[in-house]
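Structure first, then comments.
We did not get these values from a lab; they are worked out from the coordinates using the rules stated. What you are looking at is a predicted structure, and each value in this text was computed from that prediction instead of being measured. Don't worry about glycine lacking a Cβ; one is built from the backbone with ideal geometry, like all the others, and counts go over all protein chains shown.
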Amino acid sequence: MQPLVPVTDVKAVAEAAALAVVPAAANATPPETGTKGAAGTKPEYARADHTHEVRARRKRVALGTDGTAKWVFDKPFGTKPIIVCSPEDDGGLPVVCVSVKGSWTQDANGLWTGVTVKGVRAQNIPQNLVNLLLGGVFNLFAGTASGVTVGLTAAEETPVAV
């Protein structure tokens, strides 16, 4: 026959047993957001105020007098990121924005650290299209987009699942 246990001891034993099965809180920084969902296998639980790092970087810049802006990423990328450049409408003719060939920068570890973007402004099509049709060269985007504000987004390419 089991000896009788005082009620106060039963409560202490029950609390200790309950705490023994509650997992510990995770102390590590959570991983970046993934491209696929996963249930996970670690027994620790996430803290209520934890945050996940974002795989994309975003910035708004004004293009310089030459229509370019150098963007140094606040955190480098492991692979060459995809750049999206969205010019804000300033009431003028349309602007197209691209990354400048050869302007990408990498650090000593091969991480991608920055890029230069360039904006060019459309121009009006000439009234005399005969010159254009007879072999005249016409660049639809000839002017720089000096002072135009552009929204930039850089993100690593999503890996293809095999």
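Set the bar at 19 Å for Cα to Cα. Now go through LYS59/LYS80; LYS42/LYS75; LYS59/LYS118 and name every pair that lies beyond it. Checking Cα-Cα distances, LYS42/LYS75 exceed 19 Å. The listed peptides 76-84, 149-157, ordered by packing as a protection proxy, come out as 149-157, 76-84 (highest mean of other Cβ atoms within 10 Å first). Normalised by the number of residues in the range 12-97, the average gap of Cα pairs under 8 Å and 6 or more apart makes the relative contact order 21 percent.
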